[in-house]
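Visitor: Okay, handing you the structure first.
The values are calculated or read from the model by the stated rules, or taken from the named source; none is laboratory data. As the structure is a computational prediction, the values presented were derived from the model and not from experiment. Here Cβ is always computed from backbone atoms with ideal geometry, including for glycine, and neighbour counts include all displayed protein chains.
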């Protein structure tokens, strides 16, 4: 599958752009364009989307390790981690990160003003750092084939050194190296003294003319071999100078930016959670949460107080109703027992000594307008049954209603209801006492 990629990079106060064609791990049709500024360079590439690689000295690079690998969780805490290491407020930077291995991340940040200037053109697919772009290009071209290696990139006076162990970012140094400075030698001495990199391969890419001299000095000083891949030999193009490595990397990243370090566009990390403003907002939310918790606690106290009042009210009403009775634990139960005793007082059905008294109470309840003939009546201490005939179903309903109004009767049931000869209605009713 053939793709067209474009990469833009700043160099020596100007901007360079390259376009290339990618097909089956091969780069062809390389074209280089130079302009004084980024807007002019963009006009030279009116079509297609592109990637941008900013100077090493314009960015901040960090290697962080977390006990977890969830990207959302890392976003929540990375702002606090970086704020302790950065010389400027974290909210002034556009930040993104990628995991090199589980819990191990490479984070980068550039000034927001730079990120916003680059992102003005909606065609930007990815913005990265030149050292990261070069490393991507070397890997894409299979020039780094070992899991243990040290990568050195010099961009002007800014140097980035990355040490990988088992393909995991283990060491990262970023510093400025002026003429006569021993900062590079100190960083290399630190790596040489680390047994982790005893058998590591060394790869260096430099955009300066003294790259070969630096390579030879480091090899002799630390007894190591450093590969310096030549872009001209790899692409077989005399116009491909080694300082174009970052532009090649940016162009390759523009073809497949997903999952890569991206300081603008869709891959840019959301800084809302990292800023001090967000911290203040979180404090306000915490205060609101505490206030809501306090209100819920007060509501609980009020409800508990109301519950205790209602529980004690039963006992108070019981004492007022039965002042001579001793205190009880279950006032509601005692109320029911007292009421049953009252129902057994003279005048109630349950107080009747014999079935005739119950039948007399039934007779007094059924009105004289109801024509009824009682055929059978039976009664004991718990229930009574009465059967007979009447003139209509309406009369049966009146009889049932009258029986249900009797004092001491808890339930009335219709056991049988049928038509009898002579247009009579035959019924049988049971009442529970």
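Visitor: Select, from 329, 340, the only residue that is modelled with pLDDT under 75, closer than 30 Å to residue 409 by Cα and not in a helix (DSSP H, G or I).
Guide: Values: 340 fails: not in a helix (DSSP H, G or I).
On inspection, the qualifying residue turns out to be 329.
Visitor: If you go through the stretch 254-269 one residue at a time, do you hit one that is under 40 Å from the mean Cα position of the chain (by Cα), part of a helix (DSSP H, G or I) and modelled with pLDDT of 90 or more?
Guide: Taking the stretch 254-269 and keeping what is under 40 Å from the mean Cα position of the chain (by Cα), we get 254-269.
Next, from what is left, pick out any that are part of a helix (DSSP H, G or I): 254-255, 265-267.
Remaining after also requiring modelled with pLDDT of 90 or more: 254-255.
Checking the stretch 254-269: at least one residue is under 40 Å from the mean Cα position of the chain (by Cα), part of a helix (DSSP H, G or I) and modelled with pLDDT of 90 or more.
Visitor: Can you pull out the residues in the stretch 399-419 that are assigned to a strand (DSSP E or B), in contact (Cβ under 8 Å) with a residue 24 or more places away in the chain and loosely packed, with under 12 Cβ neighbours inside 10 Å?
Guide: Passing the criteria: 415, 416.
Visitor: Can you name the residue in the stretch 116-134 that is assigned to a helix (DSSP H, G or I) and touching a strand residue (DSSP E or B) at 6+ places or on another chain (Cβ under 6 Å) and, of all such residues, is nearest to residue 169 (Cα to Cα)?
Guide: 131
Visitor: Sticking with this one: Looking at the stretch 377-393, which of its residues are part of a strand (DSSP E or B) and exposed (fewer than 15 other Cβ atoms within 10 Å of the Cβ)? Lay out the reasoning, then the answer.
Guide: First pass over the stretch 377-393, keeping only residues part of a strand (DSSP E or B): 377-379, 383-390.
Within the stretch 377-393, just 378 meets the criteria.
Visitor: Condition check: surrounded by 16 or more Cβ atoms within 10 Å (Cβ to Cβ), touching a helix residue (DSSP H, G or I) at 6+ places or on another chain (Cβ under 8 Å), touching a residue at least 40 places away in the same chain (Cβ under 8 Å) and assigned to a strand (DSSP E or B). Does residue 106 satisfy that?
Guide: On the way: surrounded by 16 or more Cβ atoms within 10 Å (Cβ to Cβ): yes; touching a helix residue (DSSP H, G or I) at 6+ places or on another chain (Cβ under 8 Å): yes; touching a residue at least 40 places away in the same chain (Cβ under 8 Å): yes; assigned to a strand (DSSP E or B): yes.
Answer is yes for this residue.
Visitor: Taking residue 22 as meeting all but one of (1) under 21 Å from residue 120 (Cβ atoms); (2) assigned to a strand (DSSP E or B), write down the number of the exception.
Guide: It fails just one condition, (1).
Visitor: Additional query: Return the residues of the stretch 110-142 that are farther than 19 Å from residue 9 by Cβ and in contact with a helix residue (DSSP H, G or I) (Cβ under 8 Å, 6 or more places away or on another chain); say none if nothing qualifies. If you could, list the steps in order and put the result at the bottom.
Guide: Taking the stretch 110-142 first, the residues farther than 19 Å from residue 9 by Cβ are 112, 122, 142.
Passing the criteria: only 112.
Visitor: Here's something else I'd like to know. Select, from 358, 311, 374, 396, the only residue that is at pLDDT 70 or above, part of a helix (DSSP H, G or I), touching a strand residue (DSSP E or B) at 6+ places or on another chain (Cβ under 6 Å) and farther than 16 Å from residue 410 by Cβ.
Guide: 396
Visitor: Another question, if that's okay. Has the stretch 218-231 got any residue that is over 16 Å from residue 160 (Cα atoms), over 47 Å from the mean Cα position of the chain (by Cα), surrounded by 15 or more Cβ atoms within 10 Å (Cβ to Cβ) and at pLDDT below 90?
Guide: No: the stretch 218-231 contains no residue that is over 16 Å from residue 160 (Cα atoms), over 47 Å from the mean Cα position of the chain (by Cα), surrounded by 15 or more Cβ atoms within 10 Å (Cβ to Cβ) and at pLDDT below 90.
Visitor: Of the conditions (1) over 33 Å from the mean Cα position of the chain (by Cα); (2) part of a helix (DSSP H, G or I); (3) surrounded by fewer than 20 Cβ atoms within 10 Å (Cβ to Cβ), residue 137 satisfies every one except a single condition; which number is it?
Guide: Going through (1) over 33 Å from the mean Cα position of the chain (by Cα); (2) part of a helix (DSSP H, G or I); (3) surrounded by fewer than 20 Cβ atoms within 10 Å (Cβ to Cβ) one by one, residue 137 breaks only (3).
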